[in-house]
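First up is the structure itself, then whatever we jot down about it.
The values are calculated or read from the model by the stated rules, or taken from the named source; none is laboratory data. On a predicted model such as this, the values are computed, not experimentally measured, just so you know. With ideal geometry, Cβ positions are generated from the backbone for all residues, glycine too; neighbour counts draw on all protein chains shown. Please note that ligands, DNA and RNA were not included when accessible areas were found on the heavy atoms of the full protein model with its side chains. Shrake-Rupley method; radii C 1.70, N 1.55, O 1.52, S 1.80 Å.
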Amino acid sequence: LHYASPRDAIEDAVRLAKGMTRKHDMFRTGFSGAKVVVKADHPDLSAVERKQLMEDVAEALHAFEGGLYTGCDLNTGDGDMDHLVEATGEKFVLAGRNSRVDTNVATASSVIGSVLGVVEAMEGTRDLSSLTFTVQGCGKVGSTVAKELVRLGAKKVQTCDLFAAAAEIQGCDRIDDWTSTPCDFLVPCANSLAITEEVATNFPEGIRYCVGATNSPFANDKAKEIFDKRGIMHIPESISSAGAILADSVEWYDIDLYQTVEPSLLYGWIRDISAAKASDLADHAEQKPHKVDSRLRNVVPSREGVPVGSDFPDWIDDNTIHTDTVIVGGGLAGTATAFSLSQKGVTSVLLEKGSSLAPPTASSNGDSRMYRKMYSSEFFSKMQAKALDRWEE
């Protein structure tokens, strides 16, 4: 970033490193917390020579002799990580390389998991159909969160970004000012310190939750205290924004698994453990926002023990259904196939993306159909006769 002074850069690094330590401790990832920041001399970051910059960062990493690992973060991308891996000799970088896992989606998964977990703890259900969300910041993480909230059936998803075009997301309502637009649930996914005392005091009535991906969303303790006094339940980013470091824990524990796993499995695991942690914290706080900070220690595991990433293979086993056959499509043909296989003692799993079996989009749906038994092939005629018998059943 273009920090105003070296001291500002150092203070930001210290603040972020403390936050990372809280994240790693919250889930016992196998790491402590650290943060690398770079003070750019150019306000326009596009003027920075990226390859040389990554070579400078590599030199700093080598100085720690393996005591510090880094990865992709704000204002960096895959190209930067490629330069950094080359400059470090393929050391000291955990960036999801050679894997289909997207760490931005991983972070979004921890946000969604935390949303579901806190709603379940507070309302006894994960149903989001009565809640209006405001997603502040629609970058890679925020846009993924917004789309997933729509998919999960949220009543309304409002999106806001400094770049208006980024907030144009299918199924969402773009808003110009997140600080003055009412919502039930604020989801900060932009830069730090955005919730000032003024914002916290004047935010429209009706807000009940604040959970997001932003590191240090509150400008100071007073701003957080104002939200607490207003009864707004906040799940700390040490839980809600931990997705990427949870992925790091798997990458560190089992690099082969990380590079070959179906990404949706990793995202599902992150969502599940984030939901459980958020729900557990809300319960320990007795569903009272002002007790959250004092009860955090109740959900932080000991640093002794195996890293959380080692639990992922067991989660895969526990969430895997073993079957003889997978049938894709739950219309007339799919359900008839499943029925026939069951009579033969063959197990099957029926997959249907619709809200019910034989949904309106199924090819067999409609007011009328023609049925015929006359075919040029004797085989098909016999099959049709048998099918008609089955239909009578």
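For the stretch 281-321, the tally of residues that are part of a loop (DSSP other than H, G, I, E, B) and either without any contact (Cβ under 8 Å) to a residue 24 or more places away in the chain or surrounded by 10 or more Cβ atoms within 10 Å (Cβ to Cβ) (or both) stands at 13.
With respect to Ala40, determine if the residue is surrounded by fewer than 18 Cβ atoms within 10 Å (Cβ to Cβ) and under 25 Å from Pro301 (Cβ atoms).
On the way: surrounded by fewer than 18 Cβ atoms within 10 Å (Cβ to Cβ): yes; under 25 Å from Pro301 (Cβ atoms): no.
Against the criterion (surrounded by fewer than 18 Cβ atoms within 10 Å (Cβ to Cβ) and under 25 Å from Pro301 (Cβ atoms)), Ala40 does not qualify.
Val141 meets the conditions (1) more than 25 Å from Lys288 (Cα to Cα); (2) surrounded by fewer than 23 Cβ atoms within 10 Å (Cβ to Cβ) in every case but one. The failed one is (2).
Filtered by the rule that a residue be under 17 Å from Thr214 (Cα atoms) and open to solvent by less than 50 Å² (accessible area, probe 1.4 Å), the stretch 1-33 gives Asp12, Ala13, Leu16, Ala17, Gly19, Met20, Thr21, Lys23, His24, Met26, Gly33.
Checked against the criterion of being of a type outside the set (Lys, Arg) and more than 30 Å from Tyr3 (Cβ to Cβ), the stretch 77-86 has no qualifying residue.
Residue count for the stretch 57-72 under the criterion of being free of Cβ contacts under 8 Å to residues at least 24 places away in the same chain and closer than 24 Å to Thr103 by Cα: the result is 1.
Considering only residues that are within 29 Å of the chain's Cα centre (by Cα) and open to solvent by 60 Å² or more (accessible area, probe 1.4 Å), look in the stretch 43-53 and name the one that is nearest to Ala247 (Cα to Cα). Filtering the stretch 43-53 for residues that are within 29 Å of the chain's Cα centre (by Cα) and open to solvent by 60 Å² or more (accessible area, probe 1.4 Å), the one nearest to Ala247 (Cα to Cα) comes out as Arg50.
Of all the listed residues (Ser356, Ser348), the sole one being under 30 Å from Leu266 (Cα atoms) and surrounded by 12 or more Cβ atoms within 10 Å (Cβ to Cβ) is Ser348. Would you mind stating whether Ala154 is touching a helix residue (DSSP H, G or I) at 6+ places or on another chain (Cβ under 7 Å) and in contact (Cβ under 8 Å) with a residue 24 or more places away in the chain? In short, no.
Taken over the stretch 54-72, the residue count meeting the criterion of being surrounded by 15 or more Cβ atoms within 10 Å (Cβ to Cβ) and either modelled with pLDDT under 90 or outside any helix (DSSP H, G or I) (or both) is 5. Of the numbered criteria (1) surrounded by 18 or more Cβ atoms within 10 Å (Cβ to Cβ); (2) in a loop (DSSP other than H, G, I, E, B), the one Ala108 fails is (2). Scanning the stretch 200-223 for residues that are open to solvent by less than 20 Å² (accessible area, probe 1.4 Å) and in a helix (DSSP H, G or I) gives Ala200, Ala223.
Cβ separations smaller than 8 Å between residues 6+ apart or across chains give the following pairs from the stretch 118-143 residues that are more than 13 Å from Val211 (Cβ to Cβ) to residues that are assigned to a loop (DSSP other than H, G, I, E, B) and β-branched (Val, Ile, Thr): Gly137/Thr214; Cys138/Ile169; Ser143/Ile169. For the stretch 322-335, a residue qualifies if it is aliphatic (A, V, I, L, M) and surrounded by fewer than 15 Cβ atoms within 10 Å (Cβ to Cβ), and the qualifying residues are Val326, Val328, Ala333. For Ala338, are the conditions met, namely being aliphatic (A, V, I, L, M) and in contact with a Leu (Cβ under 9 Å, 6 or more places away or on another chain)? So Ala338 fits the description; yes.
Considered as a group, the residues in the stretch 141-157 that are touching an Asp or Glu at 6+ places or on another chain (Cβ under 8 Å) and not in a loop (DSSP other than H, G, I, E, B) include one that is nearest to Thr107 (Cα to Cα), and that residue is Gly142. If you go through the stretch 73-105 and keep only what is within 27 Å of the chain's Cα centre (by Cα), at pLDDT 90 or above, assigned to a loop (DSSP other than H, G, I, E, B) and more than 14 Å from Ala244 (Cβ to Cβ), you end up with just Arg100. So, Leu94, is that one in contact with a Gly (Cβ under 6 Å, 6 or more places away or on another chain) and touching a residue at least 60 places away in the same chain (Cβ under 8 Å) or not? Against the criterion (in contact with a Gly (Cβ under 6 Å, 6 or more places away or on another chain) and touching a residue at least 60 places away in the same chain (Cβ under 8 Å)), Leu94 qualifies. So is Ala275 among the hydrophobic types (A, V, I, L, M, F, W, C), open to solvent by less than 20 Å² (accessible area, probe 1.4 Å) and either closer than 23 Å to Ser32 by Cβ or at pLDDT 95 or above (or both) or not? It is true that Ala275 is among the hydrophobic types (A, V, I, L, M, F, W, C), open to solvent by less than 20 Å² (accessible area, probe 1.4 Å) and either closer than 23 Å to Ser32 by Cβ or at pLDDT 95 or above (or both). Scanning the stretch 359-379 for residues that are open to solvent by less than 100 Å² (accessible area, probe 1.4 Å) and closer than 18 Å to Thr337 by Cα yields Pro359, Ala362, Ser364, Asn365.
Output yes when any residue across the stretch 246-266 is at pLDDT 95 or above, surrounded by fewer than 19 Cβ atoms within 10 Å (Cβ to Cβ) and farther than 19 Å from Asp102 by Cβ, and no when none is. Within the stretch 246-266, none of the residues are at pLDDT 95 or above, surrounded by fewer than 19 Cβ atoms within 10 Å (Cβ to Cβ) and farther than 19 Å from Asp102 by Cβ.
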